[in-house]
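Chemist: Take this structure first; my questions come after.
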Amino acid sequence: MSQTVSQPDSSYLLRKLHSLTGIIPVGAFLAEHFWSNSSALVSADKYNQVSAELQTIPFRLFVEWAFIFLPILFHGGYGVWIWLRGKSNVSQYPWVKNWLYTAQRWTGLVAFAYIGWHLYTERWLTHGKSTYANVADDLQNSWYLAFFAVGILASSFHLGVGIWNFLCKWGLAATARAQRAAGQFGVLVGLSFSVIGILILISFRYDWHPFASYINK
C-alpha cells in the first residue's frame, strides 16, 4: 500500500489558509480601516484624534506585524502565485462563476498593489502620523485620487467575492439557498465598502463633513 495516502496536501492547506486570511485578519483590517477613516466625515479634528489614538494601541508593532503586515503579504503573495498558475475559461464558458473568478484575480492584484502602496506612504513614510491635512493635500492630485478610487473599488469587490467563496468553500453555505444568500451578503459588503470608501475620498478632496453635527458644541 502506498505510504503517501496519509500525507497532508500542502497545497490544499495553503489554499485553506489563504481563504481564511482573506477574511480574518485581512478583511477585518479593511473593515476597521474604513471605520476609522470614516471619522473624516465628522471633522478633520476627529480624524486626527482617531489616527493618534490608533498609535497608542498596546503592543502596536506586534499587532501590526502579526495581524496586518504578514497576513497581507501571505494572502497577497500566495494570491499572485495562484493567479499566475490559474487558467480562466471565460471565452469558452462565459458563466457567472468564471467571470467572477477572473475579476477576483485581477481586483486582487490591484488591491494588493494599492494596499501595499497605501501602507508604505501613509504608515511607513509618515511613521503612522499622517494627518487629515496630509491626506487631503495628496488627494488634490487627480491621478492620486483616481488611483485611490480604483484601489478602494477593487478591494471592496475582492472582499465581497472573497466572503462568498469563503462561506461556500468552508462549508458554511452548503445548500444552494445558503450559497445564494452568501452571494447576496458578499454583494452587500462589496457595495457598502465601495460607497463608504468613495465618500471618505470626497471628504478629503473637498473638505466635506456631512456628520459634523455629531460634534457637541
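The values are calculated or read from the model by the stated rules, or taken from the named source; none is laboratory data. No experiment lies behind these values; they were computed from the predicted model shown. Methodologically, a virtual Cβ is constructed for each residue, glycine included, from the backbone with ideal geometry; neighbour enumeration extends over all protein chains shown. These accessible areas exclude ligands, DNA and RNA; they are computed on the full protein's heavy atoms, side chains included. Shrake-Rupley method; radii C 1.70, N 1.55, O 1.52, S 1.80 Å.
Chemist: Which one of the conditions (1) more than 19 Å from LEU30 (Cα to Cα); (2) of a type in the set (Gly, Ala, Ser); (3) in contact with an Asp or Glu (Cβ under 8 Å, 6 or more places away or on another chain) does SER213 fail to meet, given that it meets all the rest?
Modeler: (3)
Chemist: Here's something else I'd like to know. Going by the conditions given, is SER155 in contact with a Leu (Cβ under 8 Å, 6 or more places away or on another chain), modelled with pLDDT of 95 or more and of a type outside the set (A, V, I, L, M)?
Modeler: Considered against the rule, which asks whether it is in contact with a Leu (Cβ under 8 Å, 6 or more places away or on another chain), modelled with pLDDT of 95 or more and of a type outside the set (A, V, I, L, M), SER155 comes out as yes.
Chemist: In addition: All but one of (1) open to solvent by 40 Å² or more (accessible area, probe 1.4 Å); (2) touching a residue at least 12 places away in the same chain (Cβ under 8 Å); (3) touching a helix residue (DSSP H, G or I) at 6+ places or on another chain (Cβ under 6 Å); (4) among the aromatic types (Phe, Trp, Tyr) hold for TRP170, so report the exception by its number.
Modeler: Only one criterion is unmet by TRP170, namely (3).
Chemist: If the Cβ limit is 7 Å and pairs must be 6+ apart or interchain, which residue in region 40-69 that is without any contact (Cβ under 8 Å) to a residue 24 or more places away in the chain pairs with which residue that is open to solvent by less than 40 Å² (accessible area, probe 1.4 Å)?
Modeler: Every condition considered, the pairs that remain are VAL50/SER36; VAL50/SER39.
Chemist: Considering region 181-217 alone, what residues qualify as being among the basic types (Lys, Arg) and either within 22 Å of the chain's Cα centre (by Cα) or modelled with pLDDT of 95 or more (or both)?
Modeler: Scanning region 181-217 gives a single hit, ARG205.
Chemist: So ALA133 clears everything in (1) over 21 Å from the mean Cα position of the chain (by Cα); (2) small (Gly, Ala, Ser); (3) surrounded by 14 or more Cβ atoms within 10 Å (Cβ to Cβ) except one condition, right? Which one?
Modeler: (3)
Chemist: Counting only residues that are without any contact (Cβ under 8 Å) to a residue 60 or more places away in the chain and over 24 Å from GLY108 (Cα atoms), how many does region 139-165 have?
Modeler: 1
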